[in-house]
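The values are calculated or read from the model by the stated rules, or taken from the named source; none is laboratory data. These figures come from a predicted structure and were not determined experimentally. Cβ coordinates were reconstructed from backbone atoms using ideal geometry, including for glycine residues, and neighbour counts include every protein chain displayed. The protein model used for the area step is the full one, side chains on, heavy atoms only, and it has no ligands, DNA or RNA in it. Shrake-Rupley method; radii C 1.70, N 1.55, O 1.52, S 1.80 Å.
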Amino acid sequence: GSQAMNCLSACMPETMDEVKSPVNINELVHDALVLYTEKLLANGIVVEWRPAAVLPNVIGREHRLRSMLNQLIDNAIDAMSERGRSLRELSIVTRCIDDDVIGITIDDTGPGIPEDKRYKVFQPFYTSKGIKGKRAGMGLSMVQDVVSEHAGSIEIGSSATGGCRVEVMVPLGANSTGGGI
């Protein structure tokens, strides 16, 4: 049994100690969509994935960025999986802004988050699902932590359909100027 535990701690490095390395955000989004394929299909959600054709790597912590994207996509799926939602579309767009920032926009056609609640969703234990919700509300708090670790920013607004739009901006990091090491 101890062998398994050793592997577990070895396979899951302490996230804060994770070394920053070049990360391809398009690859992480692709992996997340593959991961959630069954859940998307089961809930009848159509995905529109528009990756930037050329997207520079972010110097960041891959596991943390992966967790962040998975959480945001999972949140969007949950929001659209409520009964009575006829329109179920997940749109994900990546782009490069000003040559040194990656923008990730995730739109869903869920019920959206009312404006007065948008700042609250980042607080630990806040949940928009009431007491019976299956999420403890830690998700967006973790997302905010990851964004902060990468000197990025996150905004929650409304998508064109009145659903939720999450915009994440992550600077490329150390190598964004092109010169130097």
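Among the residues of the stretch 32-73, those that are of a type in the set (D, E, K, R) and within 20 Å of HIS150 (Cα to Cα) comprise ARG61, GLU62, ARG64, ARG66.
Of all the residues in the stretch 75-122, those that are under 16 Å from GLU155 (Cβ atoms) and not hydroxyl-bearing (Ser, Thr, Tyr) number 23.
How many residues, within the stretch 71-88, are under 10 Å from the mean Cα position of the chain (by Cα) and of a type in the set (A, V, I, L, M)? Before you say what the answer is, go through the steps one by one.
Keep residues of the stretch 71-88 that are under 10 Å from the mean Cα position of the chain (by Cα), which gives 71-76.
With the extra rule that they be of a type in the set (A, V, I, L, M), the set shrinks to 72-73, 76.
The number of residues fulfilling the criteria is 3.
Taking the criterion of being at pLDDT below 95 and either assigned to a strand (DSSP E or B) or at positive phi (or both), the only residue of the stretch 74-89 that qualifies is GLY84. Looking only at the stretch 47-59, residues that are touching a Leu at 6+ places or on another chain (Cβ under 9 Å) and surrounded by 13 or more Cβ atoms within 10 Å (Cβ to Cβ) come to 6 in all. Within the stretch 118-148, if we keep just the residues that are modelled with pLDDT of 90 or more and open to solvent by less than 40 Å² (accessible area, probe 1.4 Å), the residue that is farthest from ARG61 (Cα to Cα) turns out to be VAL143. Residues being out of contact with any Gly (no Cβ under 8 Å at 6 or more places or on another chain), open to solvent by less than 40 Å² (accessible area, probe 1.4 Å), at pLDDT below 95 and not in a strand (DSSP E or B) are represented in the stretch 90-113 by at least one member.
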